[in-house]
Structures are given as structure tokens and as C-alpha cells.
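The values are calculated or read from the model by the stated rules, or taken from the named source; none is laboratory data. As the structure is a computational prediction, the values presented were derived from the model and not from experiment. Don't worry about glycine lacking a Cβ; one is built from the backbone with ideal geometry, like all the others, and counts go over all protein chains shown.
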Amino acid sequence: MNIGVKKNKKFDLIVWGATGYTGKLVCEYIFKKYKKTNLNWALAGRNKYKIDGLISSLKLKGIPHFVADSNNKKSLLKLTKMTNTICSTVGPYAKYGTLLVEACIESKTNYCDITGETHWIKEIIDKYHTKAIKNKVKIVHACGFDSIPSDFGVFYAQNKIKENSGKYASKISMRVISMKGGISGGTIYSFLNIIEESRKNKNIKKVLNNPHGLSPNKDLFDSDEEDLKKIIFDSTSKKWIGPFVMAAINTRIVRRSNYLMDFKYGRDFIYNEALVFGRSILSKFLGYFRLIPIYLISKNNNTLLKSLLKSFLPKPGQGPKVNSRKNGYFKFRFYIFNNKLRALVSVDGIGCPGYGSTSKMLAESSICLALDEIPIQNGVLTPSVALGNALLKRLEKNADLKFKIKFL
């Protein structure tokens, strides 16, 4: 039993943002996977007509549903007081998420989402971490492709290496070997919102550029890490590597996990991520081409060019088609060091990383948060700290994630 969760509420779980692209996938997954279980869940959104359309299209007749206003705290409190856990898919979270987190803490309701907005997570930590601890509530961000494979890859690797050698790894380097999948308009909108806010606010830019931005004090860490910003030849993988866009959130989540566990991995623990391009010089140059779209969106201030790019990209509510979601995948490799390379860990997922896989990860995270026996630690947490082995088992059993280790 999840210590601290109040079981006298009407629902175990409410999916908020059910009519959005990811929200629909989460609802569809929960309905199909858990319709013959005792999970007591409901869905909610901001538009009654869209909710009615969702129920009709997915044949969700009999599933309770509610309408709430994301800009009205009283409306959100009415929703959060009914459930043990809120699963939110409504982004950009910096625009639409803060009041909901506040309502969850006041209602003593657990919360999880799929945000990759580092500056907003930092804001939630600063404002609500202490309040969440006081009310015995778990606020769990980054429960999708960013950052469960990274956070749980390190969690899995560190536990295995400790069992094998008696001590934790001093350094872990994650390399994205390959991945395939589409992108939704909501994700693009959130990414553009982060860029726009960082240009307007120097404090946000400072948080985004700080490798330890989700921890209260950089001086607590002995490791001095920076994000990879160019293509280099990697002595670890023996291949050309370049910046991985998700590293900006994933590495911060992993480092916060270490901080929240009182530096269990050590104050000098090093973690980094990169995208693998290949061994040949040609693969190096192809790598530059792969990075061009991200560069154009993030670095260029030309309004006309941005408008042109947006016209070719999905709009909010749009995303990859069914075949793209099903045929997608990702393959991560973690190189585990203690003075020298000790082990290799693989984390592989089936389904489009951002949606087919993310929707399963988020759904299992929310159900785990609502029902399972999980660590008693409260506050603004990371997935591995909040959910631990209970979620690891769910990810392998239900969400098509595979974790393997090879000792060297």
C-alpha cells in the first residue's frame, strides 16, 4: 500500500488533458489494459464537446468524466479533491501546470506529468517542495521519454553494479544508439515556449544552462559537468557523438535523483548523454545535418523563417499516425565506470519514443503512484526516487521497456 495516499477519495486516478494528443493515448492504454481490473479511474479536460467526442471515438462509455478550467483554482480543487492521483498531459506546463500542482498539494493528491520544461520544474521545486513534504504529497515530473529511460537506466545500473561490486558507479555515460518516431504539435509548442521564455528572462536561461539546475546548490556537487555542444569523437563508444536534445532535461533529473537520495551515488558522480552518429567521417558530417532543424528552431531569431518552419510542423493536438507510433523504438546504452569500464546496460523501448512509449510510461507511472507500495519520500521528486522498483517492474511487464546488464 502506498503510504501517505488517502484512500477515502472517490477515484484512484484522473487523467487530466484527456482530449489532447498524448492524453488520448493514455486513456486508450488504461482502458484497454486495465478495464478488467479494479482500477477506479476517470478522465477530465477543458472542453465538454471534445470529451464527448473522445468517449464516443474510443468507446469509453461508462468511464466517469469531468470538465475543469486550468486557469481557475477552485475548479481544479474540485477535481483534485476527488482523486488520489492526477495524471497531467496538459502543456506547456509553464503556462497551464502551476495552479494544478498547487491544487494537488492542497488536496493532498499525488501528481505526475511528462514535462521536459526544466525552468518550470525548478519553479515548482522552489515554490512547493516544502509544502508537498508537509502535506505528504508526491509531485513527480518527467514521467515520459524524458526522463524515465535515463532516470531508471541509471537507477537500474547503479543497483546492479552495487550488488556485483559492493559500491556504486562513479560515472555513467548514456549513448543514444538509435531511435525512430514522430513528434507532436504539443511537444513542438512546448519546446518553442521554452526558447521564447529563455530569451525574455535571463534567470530562465541561467537555469537551463546550469547542469545542476534542479538541485538547490551547485556547490554541494564535486563534479563539474557541462552539456555537449558539438560533435566529437567519443573514446567511450569509439564513435562520433553529438548533442542529444533531451540531455538538457534528462541529466538534470538524474542529478536531482542523486541529490534527493542524499548523494547515494557520491557527490562526484558524473552523468552525461550524447547521440551516436557512427564511426566514419561521413557519419560525422551526416550528424551535422541531423542537428540543423534543432539549430534553426532554437538559435535563429528570424520571425519569417520560424513561421515557415511552423507551417511544416504539426499543430497542437496533432501527432504521429498509428503506424508511426507502433513502429517506433529507441535503444539506449549506458557505459558504467568505476575507475574503468565495468559494465554495459541497455534500455530499449518499443513504440514511438515521444508518444507510443511515453503514453505507456506515463500511464504506468500514474497507476503506480495511485496504487503501489512505493518509497515514503515526499516532495517534488524524480520518477526513480518517487516510484523505485515498483515502477521498474511495471515498465518491464507492461510498458515494453527492457533493462539488461552485461558485466565486463
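If T98 passes every condition in (1) in contact with a Cys (Cβ under 8 Å, 6 or more places away or on another chain); (2) over 20 Å from M261 (Cβ atoms) but one, which one does it miss?
Answer for T98: the failing condition is (1).
Among the residues in the range 34-48, are any crowded, with 19+ Cβ neighbours inside 10 Å, part of a loop (DSSP other than H, G, I, E, B) and β-branched (V, I, T)?
Within the range 34-48, not a single residue is crowded, with 19+ Cβ neighbours inside 10 Å, part of a loop (DSSP other than H, G, I, E, B) and β-branched (V, I, T).
How many residues are part of a loop (DSSP other than H, G, I, E, B) and modelled with pLDDT of 95 or more if we restrict to the range 129-176?
Looking only at the range 129-176, we keep the residues that are part of a loop (DSSP other than H, G, I, E, B), and these are 135-137, 141-143, 145-146, 166-170.
Filter once more, so that each one left must be modelled with pLDDT of 95 or more: 135-137, 141-143, 166-170.
The total comes to 11.
Residue by residue, here is whether (1) of a type in the set (A, V, I, L, M, F, W, C); (2) more than 26 Å from Y168 (Cβ to Cβ); (3) free of Cβ contacts under 8 Å to residues at least 60 places away in the same chain; (4) touching a Pro at 6+ places or on another chain (Cβ under 7 Å) holds:
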site: K321; (1), (2), (3), (4): no, yes, no, no
site: Y329; (1), (2), (3), (4): no, yes, no, no
site: R333; (1), (2), (3), (4): no, no, no, no
site: K340; (1), (2), (3), (4): no, no, yes, no
site: I350; (1), (2), (3), (4): yes, yes, yes, no
site: P353; (1), (2), (3), (4): no, yes, no, no
site: P375; (1), (2), (3), (4): no, no, yes, no
site: G388; (1), (2), (3), (4): no, no, no, yes
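When you scan the range 190-244, how many residues do you find that are of a type in the set (S, T, N, Q), at pLDDT 80 or above and not in a loop (DSSP other than H, G, I, E, B)? It would help to see each step written out before you state the result.
So in the range 190-244, the residues of a type in the set (S, T, N, Q) come out as 190, 193, 198, 201, 203, 209-210, 215, 217, 223, 235-237.
Filter once more, so that each one left must be at pLDDT 80 or above: 201, 203, 209-210, 215, 235-237.
Imposing the further condition that a residue be not in a loop (DSSP other than H, G, I, E, B) reduces the set to 203, 209.
Number of matching residues: 2.
Can you name the residue in the range 50-109 that is touching a Lys or Arg at 6+ places or on another chain (Cβ under 8 Å) and acidic (D, E) and is also farthest from N135 (Cα to Cα) among such residues?
Applying the filter and picking the extreme gives D69.
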